[in-house]
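Report on one structure; see the data block that follows.
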Amino acid sequence: MKIAIGSDHAGFDLKQTLAAYLKSLGHELVDVGTYNTDPVDYPDFAVAVGRAVLDGKAERGVLICGSGVGASVAANKIVGIRAGLCHDTYSAHQGVEHDDMNILVLGGRVVGIALAQELVGAYANAKFTNEERHLRRLNKVRAIESASLGSKKETSA
């Protein structure tokens, strides 16, 4: 599988480790940066990973920042991206199987190397089930994106 991988400075070390691990499993990588530990902004790398997935340069993505929260929030602003912050193996594969998650988000300061390897392995090996109930739910998510819910701020009285 071709996987886009990106991180901010806080996720750089884990990104390097996971890139080598994914390659050892036979995956091809598209590394969108960052390429060192100099401080950078996580939204830039959320966009880079998301764009690689949406443009077909990669089938899925792995995105890492310090906690994973900021990168997850940023990636999920991109229409067509379904990013999941996962720190357990069940969520890493179930997110793909049930929700067609296309970006796995990790917290570089939260998970250790062994767990992170388990997570990306479970994620990369998972397949969307295409079951009716999962397709129905995925279509509802797409409808939310299409409706641009929340795009206008409501005023309170």
Cβ pairs under 6 Å, 6+ apart or interchain, first in segment 72-94 and over 17 Å from residue 58 (Cα atoms), second of a type in the set (Ser, Thr, Tyr), ordered by first then second residue, are 85/72; 92/123
| message | Taking the criterion of being touching a helix residue (DSSP H, G or I) at 6+ places or on another chain (Cβ under 7 Å), more than 20 Å from residue 17 (Cβ to Cβ), modelled with pLDDT of 95 or more and charged (D, E, K, R), would at least one residue in segment 30-41 satisfy it? | response | no
query: Out of all the residues in segment 107-122, is one or more in contact (Cβ under 8 Å) with a residue 40 or more places away in the chain, in contact with a Ser or Thr (Cβ under 7 Å, 6 or more places away or on another chain), closer than 23 Å to residue 56 by Cβ and buried (at least 23 other Cβ atoms within 10 Å of the Cβ)?
result: no
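The values are calculated or read from the model by the stated rules, or taken from the named source; none is laboratory data. Please read these numbers as outputs of a predicted model, since none were measured by experiment. Please note: Cβ atoms are built from the backbone with ideal geometry, for glycine as well, and neighbour counts cover all protein chains shown.
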